[in-house]
Each structure stands twice: as C-alpha cells, then as structure tokens.
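One structure below.
The values are calculated or read from the model by the stated rules, or taken from the named source; none is laboratory data. What you see is a predicted model; the values in this text were computed from it and never measured. As a convention, Cβ positions derive from the backbone with ideal geometry for all residues, glycine included, and neighbour counts pool all protein chains shown.
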Amino acid sequence: MEFKNQAIQEAYKQFETDSLKLSLEDLKHAYKKGSTFFKDIYAQIKNITGDQKKEYGYEANTLANYIEEKINQLQLLSEVSNKGKEYLDPTAPFDLNENSSARLVPTDLEGTKNPLTQEMEKVLSIFKRMGFDIIESRQLDDDYHMFETLNIPKGHPARDIWDTFWTQEGLIPPAHTSTMQNRAMRLKGKPPIRYVIPGRCYRNEATDASHEHTFYQIEGVYVDKNISLGDMLGTIKTYLEAFFEMDLDIKVQPAYFPFTEPDMEFMISCPFCRKTGCKVCKYSGWMEIMGCGVINPFVLQEAGIDPKEYSGFAWGFGLDRLVMIKNGVQDIRRFHSGDLNFLKQF
C-alpha cells in the first residue's frame, strides 16, 4: 500500500516487517486497538492543521482497517493449518468417513491436464511457429457476429444448420468459432492477417459416442494479397502432418458454408491404415477432418477489407475429434466426464 503521509507510510512498513518476524500472538498484542503503536499514530493528529488533518485521519483509519484484516487472515490460516487431517476438503472424490484403504483415489495421484488441454497447447504451438497470432473466442456472442458478418442474414435457411441455445437477453453461445472472423480482421486492420482462434462451441445436439453438445473448435483466418487455394491446402497439410507426426496424403471435396466460396471439406489419408481400409475410416482409406474455403468477398467487405485487393482463406476443425483420432479414444463424451481412470492415461 502507498500512503501520502510519511509517518503513516513508515508505520505501514513497520507492521509489514513485524508480520513476517513476530508470532501471531505477539503480532495481535503489538497491533491491537489501544496499543502503543496506534496511540502514537493518533497522537500526531493534534500537530496537523488545515485540510491535511482530514487526510491524515483518513489514512490512519485505512491503515488500522488493513492491519485488522491482515491479522484476521493470518488467524484463519493458522486455524486451518492446525486442523491438519481434520480439515474438510469438499472437493475430495471420496467419503471422508471411509477407511483410507477403501478410497477409490490413490493418495499419490497427481493432478494432470485434460488431454484436450494438452493437445490444444501443442496445436497452438505449431501455428505460432507457422507465424500465426492467437486470439480466444468468446463464450457468449451476438446475432451480428454469429450470423450477419458471415453472410447469413435474418431468414436465411443456413441459420438452421447452427440452431443452438439463446439467452433471454438475445445472446448466443457460439456454435462455431467463425463468429470471431470479423473481429480478427478488424483487430489487425490492414492485411496481412494471420490468426488462429481456439474456443468452446455449443450445439443443440443429441449426444452419442461421436457427438457432443459442447466441444472445442479451432478457427484459422489468413488474408493477404494474391492468396490462393494452393496456399490454403499447403498450410493445413503442414499443420496436420506436424500434429499427427507423419506424412499424409490430402484431398478435398465440395461442401457448403455461407462464409466461404468455394467451400470444401478437407480430407486426409487414414493415419491408422494408410489408405488400406480399417474400421476407423470405415474402410474408405480417407478421413474428413475439417471444413475450409476461400473467404467470401462479402465477409471481407463487412470487415472493412477490399475484396478486389485482398483475398484469404479460413478453416474450422473440432479439436475433440482430432484428439480422439490421435489417441484412439472411442467416445467423445469421456473428455468431459471427469472419469479419473480415463484421465490418468494422459
């Protein structure tokens, strides 16, 4: 803390020093109300004149309240520490009345990061090395960024594809991280623009082993002069090969997204069977990984970028699904289940 009055500031420093050296009982005795410490502080008021007296009194009371609160905190910490094993941990995943040998969680179990968090960090690290900046998506967004900036006006049938939840205030938990495309382009201003946008997405979905109503998605936006489909294919292929740590064959097939044109689904050769056919790829030898395409001129124009001078591409992929493929996880719901036996594997 900083005090304008030099005497109050010196008194504050004295207390801070003593709080590190004295026992709790000695500290409470030395700094209780009516102690010599406070008598000396308040005795100086009579020597102060004018407006400075009011300011001195205010700072003296502020210091007194601070000291009282700090001592109370130290007292609480002391009580918790002294309770030791008797202290109740409401987050413990077992009944404290159980015999310790009957508890499900081994006492040496250390906390670990969720596999989604681990892979998210790896993905972002790859894109950083490729020259992309990172911004995070929002947990709640509005109709304008969710739909209208993406060439989906009111009444457009494409809105049904991303039917999702709404709050009473008219806000929407984003169904895709594409809600951030307009912000990313405006944030950077003039191209070149290279952003990767991780975030949570929410869908009105029936859950099963391969579908979840809440999942992570990673958006990519690249805008510059003379950007082509070749740039997009090379960028995504480079990332996926670094993620799966192997060489991959790629191909694309037509798709539909209102905010890109042309639109396509990006496919890779199955990393498990190498195109010979297996259950993972449904014996096709290929796996559809993400949607992507050239950014629609309307989307660029809505972000204040001249589509006659600049072009770009965007993609969006579900992180959960990629982590499932990479680690052989059979049920997407396990990532959010809190199942310690599952999480311990990572």
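Here are a few things to note about the model shown:
- If you go through the stretch 15-25 and keep only what is in contact with a helix residue (DSSP H, G or I) (Cβ under 8 Å, 6 or more places away or on another chain) and either part of a loop (DSSP other than H, G, I, E, B) or not small (Gly, Ala, Ser) (or both), you end up with Phe15, Asp18, Leu22, Leu24.
- Being aliphatic (A, V, I, L, M) and buried (at least 21 other Cβ atoms within 10 Å of the Cβ) is a property that Val221 has.
- Residues in the stretch 199-224 that are touching a helix residue (DSSP H, G or I) at 6+ places or on another chain (Cβ under 6 Å) and part of a strand (DSSP E or B) were compared, and the one that is farthest from Pro307 (Cα to Cα) is Phe215.
- Qualifying residue in the stretch 198-212 (condition: under 20 Å from Met267 (Cα atoms) and of a type in the set (A, V, I, L, M, F, W, C)): no
- Candidates are the residues of the stretch 1-30 that are without any contact (Cβ under 8 Å) to a residue 24 or more places away in the chain and either touching a Ser or Thr at 6+ places or on another chain (Cβ under 7 Å) or among the charged types (D, E, K, R) (or both); the one that is nearest to Ala43 (Cα to Cα) is Glu10.
- Per the listing Thr238, Thr214, the residue uniquely touching a His at 6+ places or on another chain (Cβ under 9 Å) and in the same structural domain as His156 (by TED's automatic domain parsing) is Thr214.
- Strands (runs of 3 or more DSSP E) completely within the stretch 225-304 that count 3 or more residues being on the phi < 0 side of the Ramachandran plot, surrounded by fewer than 19 Cβ atoms within 10 Å (Cβ to Cβ) and touching a Gly at 6+ places or on another chain (Cβ under 8 Å): 260-269
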